[in-house]
1. Can you send over the solvent-accessible area of Glu207, 1.4 Å probe, protein chains only, in Å² to the nearest 10?
2. Counting Lys and Arg as +1 and Asp and Glu as -1, what is the net charge of the other residues whose Cβ lies under 12 Å from the Cβ of Ser107?
3. Could you order Met159, Met293, Met68, Met206 by accessible surface area, starting with the largest, using a probe radius of 1.4 Å?
4. Provide the FRET efficiency to the nearest 0.05 for the Gln300-Trp35 pair, computing r from the beta carbons and using R0 = 45 Å.
5. Arrange the residues Arg163, Arg85, Arg168 by how much accessible surface each exposes, largest first, with a 1.4 angstrom probe.
6. Please report the projected area of the range 250-324's Cα convex hull averaged over all directions, in nm².
7. How much accessible surface area, in Å² rounded to 10, belongs to the heavy atoms of Glu53 with a 1.4 Å probe?
Amino acid sequence: YFSLAGIGNFVECKNPIFPLIGMVFSLLGTLLPWWFLGKDTTAEQDAAQAFLEAVTYCLGGCTVLVNMSQFVSILIPETSCLWDRFKWILVPGVIRIESRIKNASSSKINKVVTNALEVHRTKKQESVVPTHFGQALLNFAEMVPQRERVGSFCWTWRMILSRDMCRREGILLSGRLVSTNVAQFALAPFILISGIIITQSASNEMEEIVQIVSNAEDFLNDTSLSLVGKASSLERYTQSVEFAVTAALATATTIAFITALAIALMVIPSWATIALQFRSGVIPFVDDPQVKMLRIAPDQTAYLKGCQYWAALFASIGMALLTGVIVFVFLSPVRLQYCLST
């Protein structure tokens with residue numbers, strides 16, 4: 001499916017048959033599996049199947065649109081007015097990114113030349129420094145307030161939202177990095193929804209237990225037995241356990257959601273900061289003797305993309321377990337009774 005659906009997805013493609021074939025197989029791969037797949041029996045399985053079907057239609061529709069844009073861009077000549085009007089859609093993304101990187105490199109070179117001229121300019125009438133070297137040092141000191149702090153969290157997201165990351169700084173966000181980061185962002189609401197469902201289910205189960213204990217107390221009151229006090233204390237105990245379990249699960253869900261969202265937000269700023277540090281020499285790479293070791297098995301770097309997702313998932317689960325256990329221990333009736341007694 002992937003080889004046939006992406007058969008026309010390359011920049012050098014000039015034959016419209018290839019994207020047409022990719023568009024046809026994208027439609028077939030999206031629609032045919034659900035036509036031959038029968039409906040499940042339970043309501044939960046039907047809901048899960050409906051969700052997967054909607055996701056498949058969305059992803060398949062995006063693949064069809066990509067192949068269609070490639071097909072139309074081949075048919076429309078570059079000299080026509082339609083190309084000038086819709087070139088932001090018809091031009092492949094690789095070409096747009098390459099042009100932005102070239103614009104960034106030319107802008108950097110122009111800025112270097114401009115700064116060099118500003119540093120070495122002379123002021124014969126106003127200058128009190130008799131040498132060109134001293135005047136250059138003075139001019140450099142005057143240009144210090146024009147510096148900009150780069151590589152921070154807010155700076156990176158501001159550059160991304162303004163679309164200046166590639167156009168101005170020449171930093172390319174690869175498709176694999178963006179797709180992995182999107183999966184991390186999708187993990188955060190998934191954890192939140194799952195935690196809410198688990199918390200609601202646990203709360204309903206605990207309410208049923210409290211109701212059973214309450215019915216037992218009413219039965220003992222009707223029969224005038226001597227266990228009424230114990231049943232009343234048991235009901236209060238179950239209510240305390242219900243509160244502790246609900247509060248622990250709610251706290252764990254909140255902390256897990258915040259952890260997953262924080263990790264997703266910090267991936268791209270961290271990557272951009274490291275790229276700038278390599279570029280400016282803050283992290284020595286060329287002269288480092290350990291560079292030869294990094295050239296061994298370079299294919300293993302592909303594992304990092306999957307590790308990003310699983311690391312976010314396991315970190316969220318670990319933080320949820322840690323905070324949930326701590327909250328449950330402090331709110332459990334045994335702990336409260338011990339604290340009150342001491």
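The values are calculated or read from the model by the stated rules, or taken from the named source; none is laboratory data. A quick note: this is a predicted structure, and the numbers were derived from the prediction, not measured. For neighbour counting, all protein chains shown are included, and Cβ atoms are generated from backbone atoms with ideal geometry for every residue, glycine included. Surface areas here come from the heavy atoms of the whole protein model, side chains and all, with no ligands, DNA or RNA. Shrake-Rupley method; radii C 1.70, N 1.55, O 1.52, S 1.80 Å.
1. Only protein atoms counted, so the area is about 100 Å².
2. On the way: positive: Arg100, Lys102, Lys108, Lys111, Arg167, Arg168; negative: Asp164, Glu169.
It works out to a net charge of +4.
3. Met293, Met68, Met206, Met159
4. Efficiency for this residue pair is about 0.65.
5. Numbers: Arg163 180, Arg85 155, Arg168 80 Å².
Highest to lowest solvent-accessible surface, that is Arg163, Arg85, Arg168.
6. Result: 6.3 nm².
7. The value for Glu53 is about 40 Å².
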